[in-house]
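The structure appears below as structure tokens.
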Amino acid sequence: MPNTKRDLIIRSLLERAAEITIGNGYNTNIGENAYRAVSKIDPNRLPSCVIFPLIETAERIGGSEYLCTMPVRVEAVSMTGIINPSVLSEIILGDMRQAFFGSPISSLIEEISYINGGTNDYSKNDTVLVLANFSVKYFSTITNPYL
């Protein structure tokens with residue numbers, strides 16, 4: 001079964017998320033368990049990182065293609081251990097931003113931008129949830145989403 005260009009981009013984002021490990025030079029291991037659009041994470045699967053592709057917009061460019069803008073939410077969950085949740089959330093956010101702005105994620109992506117991120121809920125004593133929102137732009141032909 002063929003994959004749309006959008007699906008291939010989502011897969012490449014998921015692959016990049018899976019690279020976020022200390023062994024790959026990052027400061028956390030949130031990529032040890034990387035998932036696509038799952039709403040519940042087994043506590044035994046922490047730390048984890050989840051990619052949520054959201055509803056995109058499309059702008060017609062010329063006569064034959066769209067410039068598509070796909071918002072992507074990335075959620076990372078980790079046990080806090082002895083690290084202050086605020087400190088850990090900043091480290092995780094830094095890893096997420098670095099991962100998606102390091103070397104090119106995919107030749108299919110025209111541009112990726114960091115929109116916002118962080119955490120505003122420190123109520124859990126044992127885990128921290130960090131969000132990062134990105135905007136991914138790519139070109140797609142009008143008549144064929146697979147190109």
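Here are the numbers:
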| read-out | value |
| --- | --- |
| Cβ-Cβ under 7 Å pairs, at least 6 apart or on other chains, segment 119-138 side farther than 23 Å from Ile82 by Cα, far side exposed (fewer than 13 other Cβ atoms within 10 Å of the Cβ) and aliphatic (A, V, I, L, M) | Asn133/Ile115; Phe134/Ile115; Ser135/Ile115 |
| Condition check for Ala76: in contact (Cβ under 8 Å) with a residue 24 or more places away in the chain and in contact with a Cys (Cβ under 7 Å, 6 or more places away or on another chain) | yes |
| Filter result (part of a helix (DSSP H, G or I) and either more than 19 Å from Asn33 (Cβ to Cβ) or of a type in the set (Asp, Glu) (or both)) within segment 57-93 | Pro85, Ser86, Val87, Glu90 |
| Among the candidates Val128, Val77, Val72, residue that is closer than 20 Å to Leu8 by Cα, crowded, with 16+ Cβ neighbours inside 10 Å and not charged (D, E, K, R) | Val72 |
| Leu108, sole failed condition from (1) within 18 Å of Ser48 (Cβ to Cβ); (2) outside any strand (DSSP E or B); (3) touching a strand residue (DSSP E or B) at 6+ places or on another chain (Cβ under 7 Å) | (1) |
| Filtered residue count, segment 87-105, keeping only those that are among the small types (Gly, Ala, Ser) and surrounded by 17 or more Cβ atoms within 10 Å (Cβ to Cβ) | 2 |
| Residue list for segment 29-48, restricted to those being surrounded by 14 or more Cβ atoms within 10 Å (Cβ to Cβ) and over 15 Å from the mean Cα position of the chain (by Cα) | Ile41, Leu46 |
| Lone unmet requirement of (1) of a type in the set (D, E, K, R); (2) more than 18 Å from Val130 (Cβ to Cβ); (3) surrounded by 12 or more Cβ atoms within 10 Å (Cβ to Cβ); (4) touching a residue at least 60 places away in the same chain (Cβ under 8 Å) for Arg16 | (2) |
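Quick grid of which residues meet (1) more than 20 Å from Tyr114 (Cβ to Cβ); (2) modelled with pLDDT under 95:
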{"site": "Lys40", "(1), (2)": "yes, yes"}
{"site": "Ser48", "(1), (2)": "yes, no"}
{"site": "Ile51", "(1), (2)": "no, no"}
{"site": "Leu54", "(1), (2)": "no, no"}
{"site": "Thr57", "(1), (2)": "no, no"}
{"site": "Ile61", "(1), (2)": "yes, yes"}
{"site": "Ser64", "(1), (2)": "yes, yes"}
{"site": "Cys68", "(1), (2)": "no, no"}
{"site": "Arg73", "(1), (2)": "no, no"}
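The values are calculated or read from the model by the stated rules, or taken from the named source; none is laboratory data. Being a predicted model, the structure only gives us computed values, none of them experimental. Using ideal geometry, Cβ is built from the backbone for each residue, glycine included, and neighbour counts are taken over all protein chains shown.
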